[in-house]
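Participant: Let me give you the structure first, and then I'll get to my questions.
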Amino acid sequence: MTQGVGDALSLAGTDVLDQATPAPPGPKAIRGRSPLSLAFDRLKRDRGAMLSLGIIILIALFAVFAPVVAHITGHPPNKQYRGLDALSALGQAHAPSSKFWFGTDDSGRDILVRIAYGARVSLTVGIGATLLTIVIGLIVGLIAGYYGGLVDGVLARIIDVVLSVPYLLFAIALVTVLGQINMWVVMVVIAFSGWASVARIIRGQVISMREREFVEAARSLGASNMRIIFIDILPNVIAPAIVFSTLLLPVSIVSEAALSYLGVGIPPPTADWGQMIAAAQNQYQIAWWYLFFPGLALLITTLAFNILGDGVRDAFDPRSDRIFAK
């Protein structure tokens, strides 16, 4: 009898323990992730790239709210001020003061406001020229790499010819023909000098994957060439295109400033960093701020884009997992 009661209590205790002890967790479900998601996670762990991205956002906000900067200071970008608070007694640029935070140029215009409006021009031309470069380079590279043969031979020779043309000479010749240049023409000039490099890289990527199994499977299912190019192959070359675009952006910004510096860029009186640097080059000994602040704005912008581009390149490299894991 005692043994039976003990057995019953033992069984009851076992049941209570079984109910109180949670079941061991099962294996976690494996969740597939796209290369873009993995690259973004790597990029978030790159402190230099994130700091550069923050600086780029601030520069973009500075450009977008340039009218607000002009309203706060009370100085339109092209208004020429007179008086000893805007120009020196000799009629030269005035040093930074409480009224003109970055000083004035030799025409009595506020440098801070003109830098803000110049950021609009630089970012607009840089982003627009980069997008145009990437789109043209992608299309030409996809077609040349996929079709091969005569099509590839003709397009490859066109790429070689474009790469051999100095874009500065092309810009000067274009200005001579048109008589006047605007923002859209500058974008076309910069894109003309850059799309061939993108097309060459994309062409090599497409050649390496046009005989892959997934492309052969799409052909066997009756898919058209356009569908294979833009649905099956294009997603596989987006990553190098993104990396190239981040590295191409600072080049486009510097190219626009160089064209304006040489007098074949955005025409005055539109505020432009390259134009401001060109106007200040003969006055840096007596008006250091006139050259310093536009040059600093160009330096910070291009440096931030270059560091971000390096971070994006490392983020899209699968081998960089070991770098970011340290």
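Participant: Assess whether Ile300 counts as being closer than 28 Å to Gly91 by Cα, surrounded by fewer than 18 Cβ atoms within 10 Å (Cβ to Cβ) and among the β-branched types (Val, Ile, Thr). So that I can check it myself, show each step before the final result.
Facilitator: On the way: closer than 28 Å to Gly91 by Cα: no; surrounded by fewer than 18 Cβ atoms within 10 Å (Cβ to Cβ): yes; among the β-branched types (Val, Ile, Thr): yes.
So Ile300 does not fit the description; no.
Participant: Please determine whether any residue of segment 67-78 is out of contact with any Leu (no Cβ under 7 Å at 6 or more places or on another chain), more than 18 Å from Leu298 (Cβ to Cβ) and β-branched (Val, Ile, Thr).
Facilitator: yes
Participant: Where in segment 118-227 are there helices (runs of 4 or more DSSP H), lying fully within it, with 1 or more residues that are surrounded by fewer than 18 Cβ atoms within 10 Å (Cβ to Cβ) and among the aromatic types (Phe, Trp, Tyr)?
Facilitator: Details: elements: 149-163, 167-178, 183-209, 213-220.
In segment 118-227, the matching helices (runs of 4 or more DSSP H) lie at 167-178, 183-209, 213-220.
Participant: Something else now. So which of Ile127, Ile158, Ile111 ends up being modelled with pLDDT of 90 or more and over 27 Å from Phe293 (Cα atoms)? Show your work before the answer.
Facilitator: Numbers: Ile127 fails: over 27 Å from Phe293 (Cα atoms); Ile111 fails: over 27 Å from Phe293 (Cα atoms).
Ile158 is the lone residue from the list that is modelled with pLDDT of 90 or more and over 27 Å from Phe293 (Cα atoms).
Participant: Given (1) touching a residue at least 24 places away in the same chain (Cβ under 8 Å); (2) more than 26 Å from Tyr261 (Cβ to Cβ); (3) not hydrophobic (A, V, I, L, M, F, W, C), where does Thr133 come up short, assuming only one miss?
Facilitator: All conditions pass for Thr133, except number (2).
Participant: May I ask you to list the residues in segment 115-168 that are within 29 Å of Ile56 (Cβ to Cβ) and among the polar types (S, T, N, Q)?
Facilitator: Scanning segment 115-168 gives Ser122, Thr124, Thr130, Thr133.
The values are calculated or read from the model by the stated rules, or taken from the named source; none is laboratory data. Note that the structure is predicted; figures quoted are calculated from it, not measured. Note that each Cβ is placed from the backbone with ideal geometry, even for glycine, and that neighbours are counted across all protein chains shown.
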